[in-house]
Amino acid sequence: MSICWVLSEDETVSFLEHLFSNEGAFSGITIEDILKHLEQKERWTGKGANKPLSGFSGAIQKPDLMLCEGSTIKKCEVLEERQFDLRTNVYVIGELKNRYSTDNMRASFIELTRKVVFQLENQDGQYAMPGLQILGDHIILTLFDWGGSISTHPLHIHQCPEAFLHVLLGITFGDAVVLSFNTMISAIEEGTKKVQIIRDGKECFVWVNQLLFISGSLHGQGMTVWSGVVTQADFPELEEGQKVIIKDSFVDPL
């Protein structure tokens, strides 16, 4: 069974409408809104292309293009840091080639896949990841998760300007769900998170203090293991501050 799907032109239109609704992508957005959003929240940067990015595995990765948290980029610029760290919020990775061809499409997909694996291994709150291939005047959006990948038909930027803007604005203005972050995991402060668990129909929380394991394989269960503590209010059968282990894994909906 194939684990890498490539969509037709018609399927691409339906996929983009499902992933980024037209209303959400275009309605009421002005140039001023875009500039303000990019300044305060997410920003595209190519600073990682020439600076190695550090992470858990120690491997060196240099993505051509990244969509990052704006405050992260500003901090690196102010401190003149030599490296960005993929353990901070990097939302999307892109690979660039100077022209569109079958060879470049294949080569950039392989490069993108390697960096997405590295990315998912470093961000425990992201269960899937969008990636961009910009090949000359063509763009391809691929959504990776632990069950495989699905890619749009190559979109000609000049011949299909609305589709191009649909992809660019959809990603740039996408919320946590669109960017494939697990909304049941939320950061409290640096090094501390809380994981929401539904127990007997009730919301409960486990306070996570350490990441113990995260899968480094793209196709698999995507298992993540944390250590944490619980409160007696959420888990009355346990002592206050009881240490626990939490395991999460990916379930392929197909």
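Read-outs throughout are calculated quantities, based only on the coordinates presented, and are distinct from any laboratory measurement. What you are looking at is a predicted structure, and each value in this text was computed from that prediction instead of being measured. Cβ atoms come from the backbone with ideal geometry, glycine included; neighbour counts cover every protein chain shown.
Scanning residues 5 or more positions from Met223 or on other chains, those with amide H under 5 Å from its amide H are Ser215, Phe250, with H placed 1.01 Å from N in the peptide plane. For Lys62 and Ser249, what does the FRET efficiency come to when R0 = 35 Å and r is the distance between their Cβ atoms, rounded to the nearest 0.05? The value I calculate is 0.70.
May I ask for the Rg/Rh ratio of the stretch 122-254, computed from Cα atoms with Rh as the Kirkwood radius, given to two decimals?
1.10
Pairs exceeding a 31 Å alpha-carbon distance, out of Lys202/Lys247; Lys62/Lys243; Lys115/Lys194: Lys62/Lys243. A crude spin-label estimate for the pair Ile197 and Ile110, with each label 7 Å from Cα along the Cβ direction, gives 4.3 nm.
When the GluC sites (Glu not before Pro) in the stretch 109-213 are filtered for DSSP coil states and for at most 14 other beta-carbon atoms within 10 Å of their beta-carbon, the remaining sites are Glu190. Using only Cα coordinates, the Kirkwood hydrodynamic radius of the stretch 135-186 works out to 12.4 Å. Binning every alpha carbon pair distance of the stretch 200-239 at 5 Å from zero, what are the percents per bin? Each 5 Å bin holds this share of Cα pairs: 6, 19, 18, 17, 17, 13, 7, 3.
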